[in-house]
Amino acid sequence: MGTCALLLDVRTPGEWDKGHVSCAKRLQVQDEPAGWQDDVLALAGGLKTTPIIAYCLAGVRAQRAVDQLIDHGYSEVTNGGGFPDQSNSLEKVCDACRVVTAATPSVTGGLTSTPAPQTTTDVKQAIAAIPEYTHRPFLEWWAWLLLSLGILLLLAALGTYLFLRRIP
């Protein structure tokens with residue numbers, strides 16, 4: 001891992017304005033905005049092996065973004081779940097990626113500041129500590145079954161009522 005992780009906030013601008021992870025970049029990958037592939041590649045330092053953590057409000061849009069990124073060849077993509085629920089775990093990734101300024105000689109003979117990630121172990125541990133996202137269906141299967149049965153009973157009752165009204 002040559003670069004730090006990229007945190008992608010895939011929420012709307014209004015959601016972003018209400019708060020976001022400090023090192024996150026907002027890009028609604030799941031909506032496929034024009035040029036999104038180039039934007040992600042640039043944010044990832046030109047490497048499809050850069051760890052990417054996508055998050056949204058609950059994890060559903062982030063999962064769509066994760067699937068899309070994987071389909072486009074990104075190999076280290078994680079669903080960071082929802083913000084603010086996972087904000088502490090996501091912020092720890094930012095903390096692990098904080099850069100230290102190292103003075104390095106430049107070509108012109110002066111000194112330049114070159115950002116360098118802290119240890120890659122810290123970043124990997126911070127990413128591994130993010131709770132695994134699990135999709136929670138809108139309703140459990142049994143609730144859908146009860147709802148369907150209720151609708152069928154209503155239709156049967158309506159059909160019976162209409163049938164009985166026709167008999168003289």
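What follows draws every value from the coordinates through simple rules; no lab data is involved. No experiment lies behind these values; they were computed from the predicted model shown. Don't worry about glycine lacking a Cβ; one is built from the backbone with ideal geometry, like all the others, and counts go over all protein chains shown.
Brief remarks on what is shown
- Rounded to the nearest 0.05, the FRET efficiency derived from the C-beta distance between Glu15 and Ala129 at R0 = 25 Å is 0.60.
- Proximal lysines relative to Lys124, as straight alpha-carbon distance under 27 Å, when same-chain residues fewer than 8 apart are discounted: Lys25, Lys48, Lys92
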